[in-house]
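Peer 1: What follows is a structure written as structure tokens; I'll ask about it next.
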Amino acid sequence: MCLLGAAGLWQLRDQTHSRTFRVGFGNWPPGSKLGPDGKPHGSIIETISVAAQRRGIRLEWVYAPEGPRDPNNRHNLDIWPLVGDFPETRKLYYLSDPYMKITFWAITRDGVPFDGNFAGKKVAARAGVVIDGVIERLAPGGQIIRPPDQTAAMQAMCKGEVDVALVGDGMGDSVLNLKREACSDMRVRLHHLEEAAGYYGVGARRDDRAAQQVADVFHEEIGRMVTDGTFASIVLNWNTLASGQSVALFALQDLKRQTWLLKWCLGILICTVLILVWEERRLFASKRAAEEASRAKSAFLANMSHEIRTPMNGVLGMAELMLRTPLTAEQREYAETIDVSGRRLLDLINDILDLAKVESGKLQVQATPFRVAEVCQEVVRLFRPKALHKGISLDVEMPARLPVLVGDELRIRQIVANLVGNAVKFTDRGSVTVRVEVFPRAKDLVDLSIQVRDTGSGIPASKLPQLFQSFIQLDSSPSRRHDGTGLGLVISRKLAALMGGTIEVNSRPGEGSQFTLALPLRPADNTMEQHNDVRPAEQLSSSMARVLVVEDNAINQRLVQRMLERLGCEVDVAGDGHEALRKAQSFTFDLILMDWRLPGMDGLETTRLLRRNLIEEHQVPIIALTANAMHGDREQCLQAGMSDYLAKPIQMAGLAAVLERWVPDRDRKV
């Protein structure tokens, strides 16, 4: 490829100054003729000489009256100044673009009939390179008489020696001059032979690349001479009239070049548009495929969440109920092992689902008023038994009064629980402290700062960057002491970023660690909260509330029924939506727990029908009780008319909180 490229560049190099070029001419006045001094003369000779002088090209003029068709001239001469652009000529010579157009006329005496048919007629046409190239086309079937020039041809026609005079009107003598000189007193008729018009350029040997370059340079320079008037001056100085066809010819060539360029630009534009359309369609198809994949992924995650949480609800719920019954020490150990293992498995499932939702952009934060003191106290109360078991203290430090803030309470609780859980897990002695502070900020915002400090072993500075990488644990050896997936901090930082906040860490080996959650939040109408210890969950339940549980899974039916009965409720069970409709219309309930996925008619449709059929005075709170825990599930439940949302697996504390929220203290039902 390199050799081919080098050869191509070698051929394209400028060779117009490589030697002296031999230029042929004949005795064809007024364009060219041999003068008495033995030198070439004529308008064409001067035109080519001036072009060569302007471009610094060396020429040697060679008299060759036989013309360019002679075989010897084709091989011995490099350039011909004027050669007609005809198929037979192109076989012999390389031709530049034309710089002259010659129009031919058939001239007869006035009154002599002529219909364009030359057959049987005497035709006077001067000898020369121009006529020789086209005479066969111009007068087919005519008897050709060869006078020395076009004036003689006109005189022969006017004297009646021939029927038709065939003349050309171009750079040389014009028809006007011919009429004046040959037969000024006679009326004649001109017959335009436009179909026989010829275009003429500079000819060069086909096997000589340098001569071909010279021919193109001459054409280019003659175009400049036409523009600046030099060409017209040469023609006039030879006592002839320029018809202006060369000016029009170069203008036409320039227009053709511009049209060609415009077509190329238009073609490129069309190709670009087609490529853009194709790319847009490809991107649209890719986007649609990605959306389909995203929907399939979301559907898969939702289905996996439901399918996993449903049996986990039975495992954890029954383990919790079992632990509330009288057990032997061995039985309690087994039940606690089931409960701990099940919750660890549930944490793993939640982490994987949360990470998938965050990375797919499906997770969105909610903005509702919440009490930050209650969030932190609930988290501390959750992990305090584990901390006491390890012999470490777990405390909360916060101001006596804190503003009620607007933010995503669920996600903030999730972050704080992860930070506190890690601190308790990696601290073997000393303490874990949760410190809450709120700082004013511009534009009606405050900065919520939740610091979790521990006195654990600390983290080396070299390993700090690994803390927030997915599936990375600082101790990945087979002998590591602590279990985990390495997802908690990753999810927490991503959740903080979604809320416009950050999680920073400071740690020193042997001195402990401090994780700081910073969130910009908006106060809720300057409302202040007075934080107090919250009562245990089971003390918040209502007495003898009548509850309808709509659940198709037999295990979950028994589980929820037993939990509600322990919370002091009277429970009825429906296995599908139709049965739920019948019972809700026949009995009065204080609360309905509605599963989402039901056979025949799902929980959302059942809820819509209940809201439509029940009168306003008997509109009972309907709580979604479902294993669907993906983004958007809660919104769908609320849009269907449900009052709240409780995700499986269900815990006694969560169920008690729902009862407290929707069934306030009331008289016993009878």
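Peer 1: Considering segment 496-513 alone, what residues qualify as being under 35 Å from the mean Cα position of the chain (by Cα) and within 21 Å of ARG453 (Cβ to Cβ)?
Peer 2: ALA496, GLY501, THR502, ILE503
Peer 1: Something else about it: So, in segment 458-472, of the ones that are at pLDDT 85 or above and either open to solvent by 40 Å² or more (accessible area, probe 1.4 Å) or β-branched (Val, Ile, Thr) (or both), which residue ends up farthest from VAL380 (Cα to Cα)?
Peer 2: Step by step, filter segment 458-472, then rank; the result is PRO460.
Peer 1: Name the single residue that is farthest from GLY575 (Cα to Cα) among those in segment 587-613 being open to solvent by 70 Å² or more (accessible area, probe 1.4 Å) and either touching a residue at least 60 places away in the same chain (Cβ under 8 Å) or among the polar types (S, T, N, Q) (or both).
Peer 2: Checking each candidate, the answer is ASN613.
Peer 1: Only residues that are of a type in the set (A, V, I, L, M) and modelled with pLDDT under 90: list them for segment 565-583, please. Break it down into steps so the answer makes sense when it comes.
Peer 2: Step one: list which residues in segment 565-583 are of a type in the set (A, V, I, L, M), which gives 567, 571, 573-574, 580-581.
Selection gives LEU567 alone.
Peer 1: I need a count of the residues in segment 207-220 that are open to solvent by 10 Å² or more (accessible area, probe 1.4 Å) and closer than 14 Å to THR47 by Cβ. So that I can check it myself, show each step before the final result.
Peer 2: Our first condition is that a residue be open to solvent by 10 Å² or more (accessible area, probe 1.4 Å); within segment 207-220, this holds for 207-209, 212-213, 216-217, 219-220.
Now restrict to residues that are closer than 14 Å to THR47 by Cβ: 217, 219-220.
Of the residues in segment 207-220, 3 are open to solvent by 10 Å² or more (accessible area, probe 1.4 Å) and closer than 14 Å to THR47 by Cβ.
Peer 1: Another question, if that's okay. Given the structure, is GLY203 at pLDDT below 80, touching a helix residue (DSSP H, G or I) at 6+ places or on another chain (Cβ under 9 Å) and within 30 Å of THR20 (Cα to Cα)?
Peer 2: No; evaluated as a whole, the condition is false for this residue.
Peer 1: Among (1) in a helix (DSSP H, G or I); (2) open to solvent by 30 Å² or more (accessible area, probe 1.4 Å); (3) within 25 Å of THR230 (Cβ to Cβ), which single condition is ARG22 missing?
Peer 2: Result: ARG22 passes all but (1).
Peer 1: Taking segment 234-273 only, how many residues are among the hydroxyl-bearing types (Ser, Thr, Tyr), at pLDDT 85 or above and either open to solvent by 90 Å² or more (accessible area, probe 1.4 Å) or within 20 Å of GLY42 (Cβ to Cβ) (or both)?
Peer 2: Qualifying residue count, segment 234-273: 0.
Peer 1: List the residue pairs whose Cβ atoms are under 8 Å apart, where the first residue sits in segment 67-85 and is at positive phi and in contact (Cβ under 8 Å) with a residue 40 or more places away in the chain, the second is open to solvent by less than 70 Å² (accessible area, probe 1.4 Å) and assigned to a helix (DSSP H, G or I), and the two are 6 or more positions apart or on different chains.
Peer 2: Matching pairs, first to second residue: GLY67/ASN73; GLY67/VAL129; GLY67/ASP132.
Peer 1: Also, I was wondering about something else. Does ALA423 qualify as being at pLDDT 90 or above, open to solvent by less than 40 Å² (accessible area, probe 1.4 Å), among the small types (Gly, Ala, Ser) and part of a helix (DSSP H, G or I)? Reasoning before the result, please.
Peer 2: Numbers: at pLDDT 90 or above: yes; open to solvent by less than 40 Å² (accessible area, probe 1.4 Å): yes; among the small types (Gly, Ala, Ser): yes; part of a helix (DSSP H, G or I): yes.
So ALA423 fits the description; yes.
Peer 1: I'm trying to understand the selection: among the residues of segment 369-398, which are assigned to a loop (DSSP other than H, G, I, E, B) and under 23 Å from GLY500 (Cβ atoms)?
Peer 2: Correct list: ARG371, MET398.
Peer 1: Any idea which of (1) in a loop (DSSP other than H, G, I, E, B); (2) free of Cβ contacts under 8 Å to residues at least 40 places away in the same chain; (3) of a type in the set (Lys, Arg) is the one ARG558 doesn't satisfy?
Peer 2: (1)
Peer 1: Separate question: Name the helices (runs of 4 or more DSSP H) wholly within segment 46-150 that hold at least 1 residues that are surrounded by fewer than 19 Cβ atoms within 10 Å (Cβ to Cβ) and either modelled with pLDDT of 85 or more or among the hydrophobic types (A, V, I, L, M, F, W, C) (or both)?
Peer 2: 71-76, 87-92
Peer 1: Is it the case, given these coordinates, that VAL573 is hydrophobic (A, V, I, L, M, F, W, C) and either touching a helix residue (DSSP H, G or I) at 6+ places or on another chain (Cβ under 7 Å) or farther than 19 Å from LEU646 by Cβ (or both)?
Peer 2: Yes, satisfied.
Peer 1: Quick one: SER298 ticks every box in (1) over 30 Å from ALA52 (Cα atoms); (2) at pLDDT 75 or above; (3) polar (S, T, N, Q) bar one, so which box is it?
Peer 2: (2)
The values are calculated or read from the model by the stated rules, or taken from the named source; none is laboratory data. Since the model is a prediction, treat every value here as computed from it, not as a measurement. So basically every Cβ, Gly included, is an ideal-geometry build from the backbone, and we count neighbours across all protein chains shown. These accessible areas exclude ligands, DNA and RNA; they are computed on the full protein's heavy atoms, side chains included. Shrake-Rupley method; radii C 1.70, N 1.55, O 1.52, S 1.80 Å.
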